[in-house]
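What follows is calculated from the coordinates using simple rules that are stated; it is not laboratory data. Predicted model, so just to flag it, every value in this text is computed and none were measured. All Cβ positions, glycine included, derive from the backbone under ideal geometry; neighbour counts span all protein chains shown.
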Amino acid sequence: MATLTVNGAVHKLDVEPEMPLLWALRNEIGLTGTKYGCGIAQCGACTVIIDGKAVRSCVTPVSSAEGKQITTIEGLAEHGKPHPVQAAWIAEDVPQCGYCQSGQIMSAVALLKQKPKPTDADIDTITNICRCGTYVRVRRAIHIAASSKA
Amino acid sequence: MAMTQTKNAETISRRQFVVTGTTLAGGMALGLMVPGAARAATPEMGTRYWADDLAAPGEVNAWVVINPDDSVILRCPMAEMGQGTGSGLPMLLAEELECDWKNVKVEFASVNRNIRESNVYRDMLTVGSRGIRSTYEYVQQGGASARARLVAAAAAKWNVPAETCEAAKGVVRHTSSGRSLRYGQLVADAAKITLAAEPKIKSPDQFKLVGTRQPRLDSAVKSNGSAKYGIDTREAGQLFASIMSCPVPGGKLVSVDDSAIAGRRGIKQVVKLDDAVAVVADNYWRANEALKALKISWDGGAAATTDSEQFAQAYRDALDGPMVTVRNDGDAKAVIGASKNVVEAVYETPLLAHATMEPCNATVHLKADRLDIWMGSQSALANAMMAAQLAGLKPEQVYFHQAYLGGGFGRRSNGDELRQAILVAQAGKIDKPLQLLWSREQDMRADRFRPQSAIRMKGSLTADGKLEALYIVSACGSIQRSADPKAASNGIDNTSIEGIGPSVPYNKVTNWYTGSLLKNTHIPVSYWRSVGGSQNTFYMESFIDELAHAAGKDPLEFRRSLTDRADSLSVLNKLAEMSNWGSDLPKGSGRGISLADNHGAIGGHVAEVTVDASGAVHVTRVFAATDAYHVVNPNLVEAQIEGGVIFGLTAMLYGEINIKNGAPQQSNFDSYRMVRLADAPDVKAALALTGGSDDRGKPKWGGVGECSVAPIAAAVANAIFHATGKRIRSLPFKNVKLTELTRL
């Protein structure tokens, strides 16, 4: 039995401790906003935030996430108000197919926590893949979110 | 078994983000409220994306539903895979309907209904950048016909001629008396109206909404995790399967030893197909882990001894063999034979995978008299028909629920994943909903790849540096023959030659020969965003650059001399202006240009690169101009252009699928590298629209999904040449050792 705290809600799951958090979120808890893209921590579609840090949930065993605060894309908004990063994403129409964008947004949120005013070089440290090639707008939206938080 | 306080995440997300409304039909239409967002007043695409399969009482026709509260539901017949047609087609509908755009919701049109109602939504085929240009007439008609009925219903109520009434913003007004009725008050009567003739659709000069910059309808649901892709399908009792196809395409399964997974938790069964093995479980991870633990024996057949080097040699050798003439203007052979100024080069490109971010998947629920399918597909109708045949059902017994597509790029059209899901459900006698999800490894290895090819180009220049003749021979995998060996029986497959014979932006080269040899291997090949242009524009535009260099001409001016097409010149002029063409660049930098006529638009790029002493190249900026004649929404067209540049740049820099022992070797993003933020250039997109009419006298609409993919490889290669004097004739660039190349 594993106990996970996801977006503030406590979930008791009867799963193998080595099950990656991604599949516990998607298949057991039913939070499908976090996406499967590669399974080997390459693409970042599965990015969630654990205790403030961006983590690739496809290679994070459930056992290592126990007792920690897990935030998924579904938990970013507060009182129905989109997180400033989400608002910037919407304002800039960043998504195309949209599949990678949960992960992009979670990576951006984590970056802005550490670097509230990121430079382009800081933004370059985000390694999430977008096959549609939305990087121009991802970059712009991160800068906008950074200025809106000020 | 999960024991959670919140059984269903959808409940949470809906409670947090979504206001639910019930349509007259009892169906649910979800609209998003984004309090505090700058553009809360824009329409949004719902999270529940497919339309009901039954006609709704609020319908004016199959395209338009008007609710009593005057909100409008518009049906989109095309898939939304990021290209924006899910926002563009509703704009065309709303333009004709004269409804309030802010009060619109969108659904994907029902495939089942299309089957039952004589293809009311037509082919539902989202390929070839034709989402607007091949649909606008019947989509506009759907909106116009609905509007005319609403007006007629109001006119009948007032007992006045319909011509004396006007429709705007969801209200019909009797102009002289000032009386008015809202669409919601008219819909019941409007649906019963029969018109003597359907109304004419608007021409572009009459548009008010179309052509303006509008937000995407799906940005919000794609920014909060609530957009549902095929992979997100969760039906009651659903099982999950992971599958592995024979590593050598065309090979067969020999045997499976499943002793290693005996007694594993959650595993329901191992299903053997002729050419694949699947494991079915209660959780996808368990299924995939078990699949990896199986000991599987395959028979790859004769193809199991082949590799990429053999293929590359075979394509190059084929250039010396017989060709099928696909273009023959003037006498290129004679002109080149008599010339003292001939440039010649051989180029080649590898196989490429699509690598959609959402791996291919299909969820099926197969019953004796009904098949439900949940997936994102570029060809939902054709997939449903295929599924009916495979399942032994009538087409109208198939219910295809179209989801958002996590990327398409040509991959999500032939239904390989659906075929496998049905076969597994049949072989395993699975009576529950079953989601077959390809692991990334399966998705990459079992792809139908962009064809491999080689080309030899010769061109001759006059003494004053004018291009007088081109002689091109190409050996390329045939997409049509890969799908059907009997196809292209005359030796001509347009997908292999677009960009080197047909579909070129130049019309002033008087002597032009193109010969084509279609050459397939056991590796399946298929449509890959920009199709033939993905390799042929790299060839053509690099070679044009070689010719410009040999002629001592400026590459942009040289291109201008090759065409008097208004669209090509419009793009060249825009590129010159936006890139400040000809201005000085710092040492170690280069600037390259490239132009394509690809899938309904002229796309042109100027790329800027820096090259360091080690030969490392960084693409810093790309200026991308497009002439797509008429466009629906410049915001989304620019997004397509920006993204297409990156898609093509990944192929140019990194893309290759190698074959060894008959099997594709790359299997994930570690070995099949993608452009990421750190190597993504700044892309400036601009429109250079010439409008105009086609040869039927109808407005010329462009296609914008692919025209920005084709040019980028040559633009970057030409920029590298500009910086270094070194010519890239083989892709991907990662295999090129720039320091070892000779300066030309």
Two-site FRET efficiency, A:ALA121 against B:GLU198, from Cβ-Cβ distance with R₀ of 60 Å, rounded to 0.05: 0.55
So, in nm, how far is label B:LYS466 from label B:ASN573 when the simple model puts each one 7 Å beyond its Cα toward the Cβ? 2.3 nm
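Per the helix-only calculation at 222 nm, which mean residue ellipticity applies to the protein assembly as shown, given -39500 (n - 2.57) for every DSSP H run of n ≥ 4 and division by its residues, nearest 500 deg cm²/dmol?
Numbers: 23 runs with 243 residues, N = 894.
The helix-only estimate for the protein assembly as shown comes to -8000 deg cm²/dmol at 222 nm.
Using 0.36 nm per residue of separation minus the Cα-Cα distance, give me the extension gain between B:ARG370 and B:THR305 in nm, one decimal. Intermediate values should be presented prior to the final figure.
On the way: separation 65, 0.36 × 65 = 23.40 nm, distance 4.36 nm.
Between B:ARG370 and B:THR305, full extension yields an extra 19.0 nm.
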Note to self: C-alpha centroids of segment B:172-234 and segment B:500-568 sit apart, in Å, by 41 Å
Violations at 28 Å Cα threshold for listed pairs B:LYS272/B:LYS432; A:LYS35/B:LYS292; B:LYS466/B:LYS519; B:LYS394/B:LYS700; B:LYS519/B:LYS734; B:LYS458/B:LYS519 -> B:LYS466/B:LYS519; B:LYS394/B:LYS700
Computed over segment A:84-149, the relative contact order (Cα-Cα under 8 Å, seq sep at least six) in percent reads 52 percent
Per-residue average of other protein chain Cβ atoms inside 10 Å, peptide B:668-679 -> 6
What is the spin-label model distance, in nm, from A:LYS81 to B:ALA236 if the labels are put 7 Å beyond Cα along the C-beta direction? 4.0 nm
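How large is the dipole of chain B about the Cα centre if only Lys and Arg carry +1 and Asp and Glu carry -1, each at its Cβ, rounded to the nearest 20 debye?
Numbers: 82 positive and 77 negative charges, 170 e Å.
That gives chain B a dipole magnitude of about 820 debye.
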Alpha carbon centroid spacing (whole Å) that separates segment A:33-61 from segment B:655-677: 21 Å
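So what's the net charge close to B:ASP694: Lys and Arg +1, Asp and Glu -1, counting the other residues with Cβ under 10 Å from its Cβ? Present the calculation step by step, with values, prior to reporting the outcome.
Values: positive: B:ARG133, B:ARG696, B:LYS698, B:LYS700; negative: B:ASP695.
Summing Lys/Arg as +1 and Asp/Glu as -1 gives +3.
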From the backbone phi of segment A:103-108, what are the Karplus-calculated ³J(HN,Hα) couplings (6.51 cos²θ - 1.76 cosθ + 1.60, θ = phi - 60°) in whole Hz, Gly and Pro given as x? x, 4, 5, 5, 5, 5
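Tally Lys/Arg at +1 and Asp/Glu at -1 over every other residue whose Cβ is under 15 Å from the Cβ of A:VAL15; what's the total? Please report the intermediate quantities before stating the final value.
Working: positive: A:LYS12, A:ARG26, B:ARG264, B:ARG265, B:ARG286; negative: A:ASP14, A:GLU16, A:GLU18, A:GLU28, A:GLU66, B:ASP282, B:GLU289.
Net charge around A:VAL15: -2.
Over chain B, what relative contact order in percent results from Cα pairs under 8 Å that are six or more residues apart? Numbers along the way, then the final one.
On the way: 1729 pairs, mean separation 99.5, N = 744.
Relative contact order of chain B: 13 percent.
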Nearest 5 is fine: what % of DSSP beta bridges in chain B come out antiparallel, could you say? 75 percent
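Just checking the output field for A:97-110: average partner chain Cβ neighbours within 10 Å of each residue's Cβ? Write out the running numbers ahead of the final one.
Values: counts 19, 18, 15, 5, 7, 6, 1, 2, 4, 1, 1, 0, 0, 0.
Going residue by residue through A:97-110 and averaging, the value is 6.
How big is the antiparallel share of DSSP beta bridges in the protein assembly as shown, given as a percent to the nearest 5? Write down the numbers at each step before the final one.
Values: 106 of 142 bridges.
Given both bridge residues lie in the protein assembly as shown, the antiparallel proportion sits at roughly 75 percent.
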Could you compute the net charge surrounding B:ALA167? Neighbours are other residues with a C-beta less than 15 Å from the C-beta of B:ALA167; K and R count +1, D and E count -1. +2
Mind giving me the nanometre distance, one decimal, between the label points for B:THR742 and A:ASP14, set 7 Å out from Cα along Cα→Cβ? 7.3 nm
